1. Restricting to the range 125-152, count the residues that are modelled with pLDDT of 95 or more, small (G, A, S) and in a loop (DSSP other than H, G, I, E, B).
2. What is the one condition in (1) out of contact with any Gly (no Cβ under 9 Å at 6 or more places or on another chain); (2) surrounded by 15 or more Cβ atoms within 10 Å (Cβ to Cβ) that A206 does not satisfy?
3. Cβ-Cβ below 7 Å, separation at least six or inter-chain, first residue in the range 129-145 and farther than 21 Å from N99 by Cβ, second in a strand (DSSP E or B) and of a type in the set (V, I, T): which pairs?
4. Considering only residues that are β-branched (V, I, T), within 24 Å of V109 (Cα to Cα) and surrounded by fewer than 15 Cβ atoms within 10 Å (Cβ to Cβ), which ones fall in the range 141-179?
5. Can you work out which of the residues in the range 70-95 that are small (G, A, S) and in a helix (DSSP H, G or I) is nearest to T115 (Cα to Cα)?
6. In the range 17-44, which residue that is over 11 Å from F57 (Cβ atoms) and of a type in the set (V, I, T) is surrounded by the most Cβ atoms within 10 Å (Cβ to Cβ)?
7. Checking the conditions here, which among L103, L133, L182, L126 is in contact with a helix residue (DSSP H, G or I) (Cβ under 9 Å, 6 or more places away or on another chain) and either over 28 Å from E21 (Cβ atoms) or β-branched (V, I, T) (or both)?
8. Sort out which residues of the range 36-54 are farther than 15 Å from A5 by Cβ and in contact with a Ser or Thr (Cβ under 9 Å, 6 or more places away or on another chain), and write them in order of number.
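The values are calculated or read from the model by the stated rules, or taken from the named source; none is laboratory data. Keep in mind the model is a prediction, meaning the values are calculated, not measured. Glycine gets a Cβ as well: all are built from the backbone with ideal geometry, and neighbour counts include every protein chain shown.
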Amino acid sequence: MLICAASNNAGKLKELRRILERMGHEVKSLRELGIALDPEETGTTFAENARIKAEAFCKASGLPTVADDSGLCVDALHGAPGVYSARYAGHHGDDAANNAKLLREMADVPAEQRTARFVSAVCFLLPDGRELLVEGECPGSVAFTETGTNGFGYDPLFIPDRVGLPDGTTIENTARRSYAELADGEKDAISHRGRAMEKLDAQLPAFLEQA
């Protein structure tokens, strides 16, 4: 299936493309489709924002569209930055500023209270308006310093509880490596987006048959 990957975030697009192509789909980016939109994310939940983006880009592309909205929810910060993850420091997409603010906010929080989870809501939308919405989570904690370069956003600060193995199983992250220190396969097997996309993959055949 030819799918529009609805993201202006280069790192997120890379992950969506990698996972969707592994599922056997052909993926077109917004740039490849000549679409220059930046819909306002006015939702109060990840699911609402994923739907907003899916609707805007599906209408613009005329293709089945996958849109993701995701973020980091930190327990010590009562779930923040949450849906405001991309603009936590005030400017959308400033990873360095967002990470710096998170570290400041967490400066006095001890290790045992730094629990957090990454959440992803993925909306698959057909041009006729029918949608399939799935969510995935990855539990972990917030590190005291940034480590790793193979990631984006809060990846250098997020320590997942588990990491993936080549056979698809997972093991405890005893080395406490950050998302940004994991190879693509290690991350996809346990990541919030990877888990959401696994659900999408499992539910999509029945959804398309009904549609």
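1. 2
2. That leaves (2) as the condition not met.
3. Sorted first by the residue in the range 129-145, then by its partner, the pairs are V134/V122; E135/V119.
4. The first filter runs over the range 141-179 and keeps only residues β-branched (V, I, T), leaving 142, 145, 147, 149, 159, 163, 169-171, 174.
Checking which are within 24 Å of V109 (Cα to Cα) leaves us with 142, 145, 147, 159, 174.
Scanning the range 141-179 gives T145, T174.
5. Going through the range 70-95, the residues small (G, A, S) turn out to be 70-71, 76, 79-80, 82, 85-86, 89-90, 93.
Now drop any that are not in a helix (DSSP H, G or I), which leaves 76, 82, 85-86.
Numbers: A76: 7, G82: 14, S85: 16, A86: 19 Å.
By that ranking, first place goes to A76.
6. Step by step, filter the range 17-44, then rank; the result is I19.
7. Working: L133 fails: either over 28 Å from E21 (Cβ atoms) or β-branched (V, I, T) (or both); L182 fails: either over 28 Å from E21 (Cβ atoms) or β-branched (V, I, T) (or both); L126 fails: either over 28 Å from E21 (Cβ atoms) or β-branched (V, I, T) (or both).
Exactly one of L103, L133, L182, L126 is in contact with a helix residue (DSSP H, G or I) (Cβ under 9 Å, 6 or more places away or on another chain) and either over 28 Å from E21 (Cβ atoms) or β-branched (V, I, T) (or both), namely L103.
8. F46, E48, N49, I52
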